[in-house]
Amino acid sequence: MRPAETGTAQGPGSFAARLFAWLVLALAVSLGFAHAAQAAFDAPVAVDVRAAGDADATRIIISFDRPVSADHKLLDHPYRLVLDFERIGYGFEAGDDTLKGMVGAMRYGDMSETGSRIIFEIGAPFEVVELSSGAAENFYRLIIDLRRTDEAAFQQALLDTMATSSIIARGSKTDRLGSAPLAPAPRSGAFTVVLDPGHGGIDSGAVGVGGTREKDVVLAFARTMRDELQAIGGVEVVMTREDDVFISLDERVRFARQHGAALFVSLHADSVRQSYVRGATVYTISDKASDSVAAEIARSENLSDSIAGIVYEEESGPVADILVDLARQETLGFSVQFARLAISHISRASRIINNPHRYAGFRVLKAPDVPSVLVELGYLSNREDEKLLNKPEWRAELAAELAAAVAEFGALSGRQLAGEARAAAGN
């Protein structure tokens, strides 16, 4: 069973190639491939996905090993068809020449422990003419017929599906979106740190030059760092995600606040256009980016929800400005203090970028009352950084240093808070 990834169409394939694909599929099913794919959990398995047609009309067929139900909605910029399922398995190969007609690419993955999503990118405004399902041979097929339409008709259909879908925007039901799990309340007096492994599920994040996926390496690092922190007395550590599920940016922020976090550390390993850029970087929030690399990474990270097919209402300019101001007034000083400590410790175990403390408008750092940083462990666009990120011993050494920085920050914060309490008592 392959993990979540993106497949794209590369033009029409030959009849022989299509016949060969079907023969391989039949053989895989006859050997119990689909049953092996679902062995880890009791859920339907998608064993094949294909699309056929032309620029005006296209049929998408998804074959499952048993009946399923799906909700659908539309998104634009780019035009997309989103299908939401109760948890499913993936027993097909993405990237084969099976997407034709109006379908340009596909992305799929888990949105939570109970929900999965498949997204198709469509090359023009479209409408769903019919969505049907039924048994065929040894499979259960979900069939979606698309037809090209004009922009006005597409926008109306988009609004209609958003109004009826149970998996849509802020303010509506989110039970099938990934949500960070609740954890026991921290021990009295404990310094609570929230580790946030970036991306997950349908959102793979950056992909390295050697194929390494960001969501995998940052989760591995977070688990190692959690173990280091748990060995430190007086520190309570929780993680926004423990496995390969999608968590929205706003949910990550809410999670930190709900847990009364004294520190929020978001872990990433992005890609940038300049492949020579390498080394660890620590980011804090600002309404203006420190440099072009920081701006590029912030833009990429803030699009994470869009990649997963989530729509949010944009906050007004004044509200966004107030959030940034609050962050500056209440917590930015602490965030910067930890960033400096982190850089000092990280430099003992890893190469750091030039000017390692940078800043930009990261959505995931917007909590007004939680000191927050985003740590780039390295850049997957650089071959040397990618090699290091895949070495458990390197991750362990860096995690130990970063955990030590957290402990030092906790001790300093405790002394500062005690001083503020004594000062308040004297007034």
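What to note about this one:
- The string of couplings for the stretch 64-81 from the Karplus curve (6.51, -1.76, 1.60, θ = phi - 60°) is 10, 7, 7, x, 9, 10, 9, 9, 9, 8, 10, 9, 10, 6, x, 5, 9, 10 Hz, one whole number per residue in order, with x for Gly and Pro.
- Proximal charge balance of residue 156 [Cβ under 11 Å; K/R count +1, D/E count -1]: -4
- Sorting 140, 108, 359 by accessible area puts them as 359, 140, 108; the probe is 1.4 Å, largest comes first, and only protein heavy atoms count.
- The heavy atoms of residue 86 present about 100 square angstrom of accessible area, all protein chains included, probe 1.4 Å.
- When 227, 270, 216 are compared by accessible area at a 1.4 angstrom probe, the order from most to least is 227, 216, 270.
- Ranked by how many other beta carbons lie within 10 Å on average, peptides 286-293, 235-242 from highest: 235-242, 286-293
- Cα centroid separation - the stretch 358-399 against the stretch 284-306, whole Å: 13
- Debye intensity ratio I(q)/I(0), log10, the stretch 328-415, q values 0.17 Å⁻¹ (C-alpha model): -0.78
- When only alpha carbons are used to place a centre, the stretch 100-120 and the stretch 41-76 end up 9 Å from one another.
- Residues 224, 192 ordered from highest to lowest accessible area at a 1.4 Å probe: 224, 192.
The values are calculated or read from the model by the stated rules, or taken from the named source; none is laboratory data. All values derive from a computational prediction rather than experimental measurement. Positions of Cβ are backbone-derived with ideal geometry, glycine not excepted, and every protein chain shown enters the neighbour counts. Surface accessibility is based on the protein's heavy atoms, side chains included, excluding ligands, DNA and RNA. Shrake-Rupley method; radii C 1.70, N 1.55, O 1.52, S 1.80 Å.
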